[in-house]
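Please read the structure below before turning to the comments.
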Amino acid sequence: MVSETPPKRLGEFALIAKLFAPLAAKEKGAFNLTDDAAALSVPAGHELVVTTDTIVESVHFFRDDPPDRIARKALRVNLSDLAAKGAKAETYLLALSLAPWIDNEWLTRFAAGLAGDQNRYGVSLIGGDTTSTPGPLTLSITAFGTIEAGRMLRRSGARPRDAVFVSGTVGDDGAGLAILKGEGSGLSDFVRSALVSRYQLPEPRFNLGRRLVGLASAALDVSDGLIADLGHIAEVSGVKITIDAARLPLSPATRAFWGSGTDAIVRAATSGDDYELAFTAPAALRAKLEALAHELGVELHEIGRVDAGSGIVLVDAAGKPLPITRPGFTHF
C-alpha cells in the first residue's frame, strides 16, 4: 500500500505571520496579530453590530472551488448580514479549521481572495484562530460593523399595510448550486458561468442597506430562501406576509435553466444563498424607494404585502396559495 504524502503547509504561527498578519496591518487594534485578542473602538453615538457565519466544505462550497472564491464567499455572507442591518462594515475575525488536503498554494490563494475583498469593502482582519481537523474544511467569520445608536434595521418592525420588496433577482444562487451538483447539462457556457458565479460570489448590498435606514420597517438578507427568510420577519413582527408569485424577479439565466412556470417560481423562492435584501416598508414610500433604486443602480421589486395575521403565503394570479413543501434550506 502506498502512503499519501501530506501536503506542504506552513506551521500555525508562520501561517499567521506570512499570510494573515498583512491583512490586519491597517487596523491598529489588531496588534499585527501578535496578541490573543484585539481592541475595538466605536465612534461616539454609534453601536457595534456583530454577526457570525460558518461555511463548510460540501455544504456551502466544494473542494475544487477556487480558494479565492471560497475566501470571498466566507467574508461576503457575513458582510451581507451587516448590509441588511444598515451598518457600515469595519472589521472581522477569522477561524480556520484546516483539512488535511490544504497546502501552502491553496492558503496563499485564499489569503489573496480576502485581501481583494478587504480592499473592495473597506474592512480589515483583526484576529481569529487556526486549527487542524480530520473532517471537512470549515471557515467561520465574525464580522463587526457600526451604526448610529438605535438605527439598526431589524426583523421585528413590519406592520399591516406595509409593502414587501426584494433587491436583485432570486433563485440564481440555488440554480448555480444545482449546476455544480450536475444539473443543467444542456445549458450554454454563458448561462452556466453566470449562475455558478452568483452561487460562489454573493454581492453584499451595502449601498442599498445603508440607505434603507429610516425607510424600511424590517429587513434581512436572503440566505436560506426568500419564503423562509420573509417568514422570519412575519413571525418576529407578528404579521402575515403575502407574496405574489407573478412578481418574483427571476433572471434570464435562471429562466433558461428552470423555466418560467409555477414549479420554477417556487423553486427560486425557496432556494437559498441569494444574499439579496428583502424588506418591508410603508406603501407610501413606494415612489421614494423607486427613486433610490434608480439612483443606486440597483434592481428593486415590490413583491407582496403585509397584513394582520400570521405566517407567509405565496399566491398565484388568482390569489390561490401555492403548495410549498419546504420554504427554504435548513441544516437540521
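Close Lys pairs in the chain, defined as Cα atoms under 21 Å apart and 8 or more places apart or on different chains, number 10. Membrane-span-like helices in the chain (whole DSSP H runs, Cα extent of at least 24 Å along the helix axis, mean Kyte-Doolittle hydropathy of at least -0.5): 67-84. Measuring nothing but protein heavy atoms, the accessible surface of region 8-147 at 1.4 Å probe radius is 53 percent carbon and sulfur.
Note on region 304-319 and region 182-237: Cα centroid distance 20 Å, given to the nearest whole angstrom. Just report the Cα centroid separation between region 43-96 and region 257-271, whole Å. Cα centres, region 43-96 to region 257-271: 28 Å.
Under the simplified labelling scheme, the Phe62-Asn32 pair shows an inter-label distance of 4.2 nm, with each label point 7 Å from Cα along Cα→Cβ. Label-to-label distance for Arg247 and Arg109 is 4.4 nm, based on points extended 7 Å past Cα in the beta-carbon direction. Using C-alpha pairs below 8 Å separated by at least 6 residues, the relative contact order for region 152-304 is 46 percent. The shape of region 196-332 comes out rounded: with a ≥ b ≥ c from the C-alpha gyration tensor, a/c is under 1.5. Taking all protein chains into account, the per residue accessible area for region 180-237 stands at 41 Å² (1.4 Å probe). Across the chain, C-alpha contacts under 8 Å between residues 6 or more apart give a mean separation that, scaled by the residue count, equals a relative contact order of 22 percent.
Here the contact order of region 56-136, divided by its residue count and restricted to Cα pairs under 8 Å and six or more residues apart, works out to 44 percent. DSSP assigns beta bridges within region 82-153; of those with both partners inside it, close to 55 percent run antiparallel. Solvent exposure of region 119-161, expressed per residue, is 50 Å² of accessible area, with all protein chains present and a 1.4 angstrom probe. About the centre of its Cα atoms, the chain shows a dipole size close to 640 debye [charges on the beta carbon of Lys, Arg (+1) and Asp, Glu (-1) only; nearest 20 debye].
Note on the chain: helix-only mean residue ellipticity at 222 nm, from DSSP H runs of 4+ residues weighted -39500 (n - 2.57) and normalised by residue number, equals -9500 deg cm²/dmol. Taking each residue as 0.36 nm, the span from Val315 to His294 lengthens on full extension beyond its C-alpha to C-alpha distance by 4.8 nm.
The values are calculated or read from the model by the stated rules, or taken from the named source; none is laboratory data. These numbers were taken from a predicted model, which means no experiment stands behind them. Cβ coordinates were reconstructed from backbone atoms using ideal geometry, including for glycine residues, and neighbour counts include every protein chain displayed. Ligands, DNA and RNA are stripped out before the accessible areas are found, and what is left, the full protein with its side chains, is counted by its heavy atoms. Shrake-Rupley method; radii C 1.70, N 1.55, O 1.52, S 1.80 Å.
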